[in-house]
Amino acid sequence: MATWQCVKNCGACCHLDPRDRPDLEDYLEGEELALYLSLVGEDGWCIHFDHSSRECSVYANRPRFCRVTAESFTEMYEIEPEELNDFAIDCCRQQIEGVYGDRSLEMLRFDRAVGI
């Protein structure tokens, strides 16, 4: 069985360009949506994403919408905790494909890490 995990030095989720997320207002609103939009740099990447290390510079203090937890995903996407694993894997695969491509090293690393 595949088990979701974050793959270090990927960063696909840090590509925040709202044009790539037309449903953004379906799961973020008010201050949280404003915070999200304030984090989007001119290049569409989060202003806290360090491109050289491919890591988040505020990881320990990242916003709720950057955390893959049953609580945050239930609140944002209305999924049940038992659905989190499969949902998170699908989300990551879609984001990695959109940012790096479906045959990218990042996708291969993610699939291997989660057991696909």
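General observations
- The slack in the chain from Met1 to Val58, taken as 0.36 nm per residue of separation less the alpha-carbon distance, amounts to 17.4 nm.
- Taking 4.7 Å between C-beta atoms as the pairing limit, the chain has these partnerless cysteines: Cys6, Cys10, Cys13, Cys56, Cys66, Cys91, Cys92.
- Karplus-based coupling profile of segment 58-65, in residue order and whole Hz: 10, 3, 5, 10, 5, x, 4, 5, with θ = phi - 60° in 6.51 cos²θ - 1.76 cosθ + 1.60 and x standing for Gly or Pro.
- Looking at segment 58-106, the GluC sites (Glu not before Pro) that sit in a DSSP loop and have at most 11 other Cβ atoms within 10 Å of their own Cβ are Glu78.
- Calculated mean residue ellipticity, 222 nm, the chain: -12000 deg cm²/dmol, from DSSP H runs (n ≥ 4) at -39500 (n - 2.57) each, averaged per residue and rounded to 500.
- For segment 12-114, the mean projected area of the C-alpha convex hull, equal to one quarter of the hull surface, is 6.8 nm².
Every number in this text was worked out from the coordinates using simple rules, so none of it is lab data. This one's a predicted model, so the numbers in the text were calculated from it and none came from an experiment. No Cβ is skipped: glycine too gets one built from the backbone with ideal geometry, and neighbour counts run over all protein chains shown.
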